[in-house]
Amino acid sequence: MESHLSNHLLLLRHKSEPPSKRSRPPALLGDAPSNFGHGYPPSTYHGFYDDDDDDYTPPHRYEGRGMGPPPPPPPSSGPRRGPPSRRYSSQYGSPNQPPPLSPHGDYGPLADSPVLIVYGLDTKRMNPDRVFNVFCLYGNVHKVKFLKSKPGAAMVEMGDGFAVDRALTCLNTENFLFDQHINVCVSKQKVIVPGQSFELDDGSCSFKDYATNRNNRFTNVKQAAKNRIQKPNNMLHFFSAPPGIGEEVFHQISDKVDVKRPKSVIFFSGKGGSKGNQGEKSSSGLLEFESKCDAFEALVMLNHYRIKNPDGPDLYTLKLCFSTA
């Protein structure tokens, strides 16, 4: 009886207290799934680049860029790599287990920053446009900046966290470009500040803004749905090529930019492109290469290459991506 009366008095007291003074249950924080990615080398994923020697300052109210809600606080006993100031956030899971490539293309904005760092770039052949040619396959690219203090490294600002994770998942798979190993990781910086530009080996500028570039492929829902996210392989899908072109055109432009020719060219509409179908406004098909490296280099150099229409004055922008075939 006394216990019942005591509980009743406690309940009345709790109801009489203002909501701000009532005790609240602690938030529940879940861990990443135990099967969070497999088969990736531990040193090639979700690293943080130490770019303290470049004077970057994220602009005020950067959190309004559409990166989604802020990440949950890290658990008290999560995996560490390096000193506490460089601790990985909890949503990455174990440091040697990156998120897997979803069979349905469902990616989550796991990255804390939309800025990536790519290492292993050939300083004689790479420039912002050619970096854009790769990363536009995985999301909208806003800016590209090469780092003068670190030759062969460039920062890439993507449109959102989904694009960051697609690029990380697909490009950190033992890829070599012009005989150099490509490694991609997340930057601590939240935005690329142009700073002082310099001239690259090919004469181009070290910085370029692509926020309004028409070659971005995720500018709306309908356009984004057409993209098929693939890891680098030896088969490229080409589209938006001039109608009526033949295999020799791909051999000519490959020779011009000094990459390997495709070993076979397959046209999707009519023999030799659109010649068999006069209603076609452009041609598309597949380019098969001897190796993944050959296809990767061809994509870097030929994606968005301008080709003249053999039957007219128009210029077509050739578009490439890795094929699902």
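The values are calculated or read from the model by the stated rules, or taken from the named source; none is laboratory data. Quick caveat, the model's predicted, so the values are computed rather than measured. We place every Cβ from the backbone using ideal geometry, glycine too, and count neighbours over all the protein chains shown. Remember, those area values only see protein heavy atoms, side chains included, never the ligands or the DNA or RNA. Shrake-Rupley method; radii C 1.70, N 1.55, O 1.52, S 1.80 Å.
Quick look at the numbers
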read-out	value
Scan of the range 135-149 for residues that are closer than 13 Å to residue 215 by Cα, open to solvent by less than 10 Å² (accessible area, probe 1.4 Å) and not in a loop (DSSP other than H, G, I, E, B), ordered by number	135, 141
Test: residue in the range 200-214 that is without any contact (Cβ under 8 Å) to a residue 12 or more places away in the chain and farther than 22 Å from residue 318 by Cα	yes
One residue from 261, 214 being open to solvent by 70 Å² or more (accessible area, probe 1.4 Å), in contact with a His (Cβ under 8 Å, 6 or more places away or on another chain), among the basic types (Lys, Arg) and at pLDDT 95 or above	261
Residue in the range 212-229 that is in contact with a strand residue (DSSP E or B) (Cβ under 9 Å, 6 or more places away or on another chain) and farther than 25 Å from residue 325 by Cα present	yes
Subset of the range 278-309 [surrounded by fewer than 14 Cβ atoms within 10 Å (Cβ to Cβ) and modelled with pLDDT of 95 or more]	290, 291, 306
First in the range 310-323 and without any contact (Cβ under 8 Å) to a residue 40 or more places away in the chain, second anywhere and open to solvent by 20 Å² or more (accessible area, probe 1.4 Å) and assigned to a loop (DSSP other than H, G, I, E, B), Cβ under 8 Å, 6 or more apart	none
Subset of the range 163-182 (residues that are out of contact with any Pro (no Cβ under 8 Å at 6 or more places or on another chain), buried (at least 19 other Cβ atoms within 10 Å of the Cβ) and not basic (Lys, Arg))	167, 177, 182
Selected residue (criterion: farthest from the chain's Cα centre (by Cα)) from residues of the range 216-263 that are charged (D, E, K, R) and in a helix (DSSP H, G or I)	248
Verdict on residue 312 being over 21 Å from residue 235 (Cβ atoms) and open to solvent by less than 70 Å² (accessible area, probe 1.4 Å)	yes
Leading residue by the ranking (surrounded by the fewest Cβ atoms within 10 Å (Cβ to Cβ)) among those in the range 198-211 that are in a loop (DSSP other than H, G, I, E, B) and out of contact with any His (no Cβ under 7 Å at 6 or more places or on another chain)	203
